[in-house]
């Protein structure tokens, strides 16, 4: 493995009796996207707040290094290497987008000329030129998030923390943000991303750690995590209860959902297995109204590891587990 | 870059930010100016005849009461302006941008210093505006030399600095703007319990020590002495002591509060 941008050993934090982080180990290689995935309240934001020097780590934490600098003894050096875009937009709503950018340029101690150049470049790159002279409070959610990230980039950070960067964004803005994040890494920057969207982690991250109840439940690439869980299946849905009952009799190893008239059959989704299933249905002369093939996705991993955080997914999926 | 130049540079950046806020949204500052101006007009034109009977050489003379009233109202203007400071600090702390500042390699105190410097400038400008209204309705200083004027200006800045640091602390411990406005209310009520409107001698005996030694009275009496030539006496050093004491106290309180973990 190459140099580590972030290395944390036994990261702990509690507030009174409430343990938020209970010994989290992290190793993020330079120039990669690392995603911390977890449900609300798992401790994702607390992790980002500690690594970005916003709050102190618990006293029993081990060694924590960000950008090669010790977090506890040299936080100012850490701050010089990082940029943070939090879950709640960190823009000054009272002044314009351009003024926000120039404010950052001043605080990063750029010369006035360099400050104006960087501001113009980033406003252009983040599609904010038209809105540059308007107060940031009038921006839409997606624009605010883009301005937020643009402000983070003014100082040219080597490590960027993104705490739920797409929460609350519409699908189009979300895809825009994903592209922006991919471009960042192409420039050699390290991205530490938290998200509660499995799709997002799957889409972007080189490595994913699943955080639940203040502990890392699993870590690896998206492929590695998916391999942990056998979860492929074929789903058959029927409109006619009689057909549903006949199909259920004709097929083996089915998981029934009598309410939705849906059958799930474990399968790896190969042509041969589909052939067998279709053959049995033909033999019993039943016709499914829809047939879908599901390969295991991170959802399956997530629910298996986090003990099925109820309420996020659709119910039928949970009945299987 | 040395710590001091870093501190100065970042603080002036933060000051520019606060002045930009004030310029973009002047309504808060202007609203707060209304209180002292209204009180000035109210006390001069509505209560003036009755109140002036009780001071000076007796006999209803409104101009004497204007002279008596103005120094107190000028300092009350400071109290009123810094309520705006408490409100804007509290507002600011609820904004995500403060969290961003904390993760940047900037001088840590610069956020607060920017607020304080901006607020002192605003106080001075507000006092000049209220002073102009006072002159327009007939206030004149008597026998004030250049040194007196400079000393009066210095007192004003020092007094603003003291109240501002206290107001910043109040803003930091308030969860929102409404709470900050309430918490800072004593800063505008305190002048009512001072020698701003009536002499301390005319108050009930048990109350006189409170009115005499609270921060506003010594500052008002000193300003009165500088502008109108009345006796300053022990009020001078008492005023400076109050200002320095409150500044240091407010500074320590504010920085300690600001540097606490945000959660």
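FYI, it's all coordinate maths here, none of it is from the lab. Here the structure is a predicted model, which means the values were calculated and not measured. Every residue, glycine as well, gets a Cβ built from its backbone with ideal geometry; the counts of neighbours run over all protein chains shown.
Tabulated results
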| quantity | calculated |
| --- | --- |
| Distance between modelled label sites at residue A:255 and residue A:116, nm, 7 Å Cα→Cβ extension | 6.3 |
| Cβ-Cβ FRET estimate between residue B:147 and residue B:202, R0 fixed at 30 Å, reported to 0.05 | 0.45 |
| Å³ per residue enclosed by the Cα convex hull of the range A:5-103 | 134 |
| Cα-based shape type of the range A:233-295, given that a ≥ b ≥ c are square roots of the gyration tensor eigenvalues and the cut on a/c is 1.5 | oblate |
| Difference of contour (0.36 nm per residue) and Cα-Cα distance, residue B:2 to residue B:125 | 41.0 nm |
| Helix-derived mean residue ellipticity, 222 nm - over chain A, DSSP H n ≥ 4, -39500 (n - 2.57), to 500 | -11000 deg cm²/dmol |
| Antiparallel %, DSSP beta bridges [both residues in the protein assembly as shown], to 5 | 65 |
| Mean Cβ neighbour count within 10 Å, used as a protection proxy, ranking A:15-28, A:138-151, B:136-149 highest first | A:138-151, A:15-28, B:136-149 |
| Projected area averaged over orientations for the range B:3-259, convex hull of C-alpha atoms, nm² | 14.4 |
| Highest-fluctuation residue, B:160, B:27, B:63 considered, GNM on chain B with Cα pairs under 10 Å | B:27 |
| Shape parameters for the range B:107-204, alpha-carbon atoms, Rg then Dmax in Å | 16.4, 50 |
| Peptide A:95-107 - average C-beta neighbours from other chains (10 Å radius) | 4 |
| Number of partner chain Cβ atoms within 10 Å, mean per residue of A:152-164 | 1 |
| Cα-Cα pairs of the range B:150-237 separated by more than 18 Å (percent) | 51 |
| On Cα atoms only, tilt of B:27-41 relative to the major axis of chain B in degrees | 10 |
| Hydrodynamic radius by Kirkwood, which averages 1/r over all alpha carbon pairs of the range A:4-223, in angstrom | 17.7 |
| For chain A, share of DSSP beta bridges that run antiparallel, in % to the nearest 5 | 65 |
| Global geometry of the range A:124-188, whether rounded, prolate or oblate, following the gyration tensor of its Cα atoms and the 1.5 cut on a/c | oblate |
| Helix axis angle, A:271-283 relative to chain A longest principal axis, alpha carbon, degrees | 40 |
| Sorted peptide list for A:156-164, B:175-183, criterion being average Cβ within 10 angstrom, highest first | A:156-164, B:175-183 |
| Peptide B:3-14, shielding by other chains (average Cβ, 10 Å cutoff) | 2 |
| Angle in degrees between helix A:112-125 and the longest Cα principal axis of chain A, rounded to the nearest 10 | 20 |
| Rounded, prolate or oblate (a/c below 1.5 giving rounded, otherwise prolate when a/b exceeds b/c) for the protein assembly as shown by Cα gyration tensor | prolate |
| For chain B, calculated [θ]222 nm from helices alone, where every DSSP H run of n ≥ 4 adds -39500 (n - 2.57) | -24000 deg cm²/dmol |
| Cα-projected label distance for residue B:25 with residue B:248, points at 7 Å along beta-carbon direction, nm | 3.5 |
